[in-house]
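Heads up: the structure comes next, in structure tokens.
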Amino acid sequence: MLVIFRIQAYADITSSVLLWRLHMQKDASPDSAGRCHCTALRKASRRISYLYDLALAPSGLKATQRAILAKIARLESATVGTLAEAMVMDAGGLAHTLKPLVRDGLVSTGTDPDDRRSRSIKLTAAGKAKLKQSEKLWDTAQQVFEKQLGREQVQALNQAIGLLISDGFGDKFESAVTAGE
């Protein structure tokens, strides 16, 4: 079922954001996700990324770009390696995602003063302004997500995601796979 929400953005710009609602319980059953946990998680990730991209469209940012800008803002300055680790991304994927941010003057890169072999990444004034511009859109997307999923399920989802992205889970998973369990 397709639901259209109207989101009031900065400067009284109203944008339509399409949100896909979970279909009846049969579609939310474990069988509908398929047998592969990885595939089910990737499908969910692509769906949510698409919805957040729609919500953020008036800002000109994609969800991944906004997440990177927000992480750089929190870190104040980072290297490609530390940012990739913080984003749970490989450095190559991060470098690809950074290119349009650098091109558009939202992020600057340079030689890391502490380690000349590394590239440092900083938000520019334009990057800080773009992040601020996207804040209300992101807040609205967060609120709509929570309303659609429900507070308790959002909390359970956040706990599961926290476990899945933890080093402990990754280490145990890798050990079990390599041991043939």
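The values are calculated or read from the model by the stated rules, or taken from the named source; none is laboratory data. These numbers were taken from a predicted model, which means no experiment stands behind them. Note: ideal-geometry Cβ built from the backbone for every residue, glycine included; neighbour counts use all protein chains shown. Accessible surface areas use protein heavy atoms only, side chains included; no ligands, DNA or RNA. Shrake-Rupley method; radii C 1.70, N 1.55, O 1.52, S 1.80 Å.
Annotations for the structure displayed:
- Applying a threshold of 21 Å to the alpha-carbon distances of 71/130; 99/130; 99/128; 43/172 flags 43/172 as lying beyond it.
- Simple label model, 7 Å out from Cα along Cβ direction - residue 146 to residue 36, nm: 3.4
- With all protein chains in place and a 1.4 Å probe, the accessible surface of the stretch 85-181 carries 52 percent carbon and sulfur.
- Each of 129, 180, 140 was scored by the projection of its Cα onto the charge dipole of the stretch 117-181, and the greatest displacement toward the positive side belongs to 129; charges sit on the C-beta of Lys, Arg, Asp and Glu.
- Charged neighbours of residue 134, selected by a Cβ distance under 14 Å, balance to +3 (K, R count +1; D, E count -1).
- The residues of the stretch 37-133 expose on average 60 square angstrom of accessible surface per residue, using a 1.4 Å probe on protein heavy atoms.
- Proximal charge balance of residue 124 [Cβ under 14 Å; K/R count +1, D/E count -1]: +3
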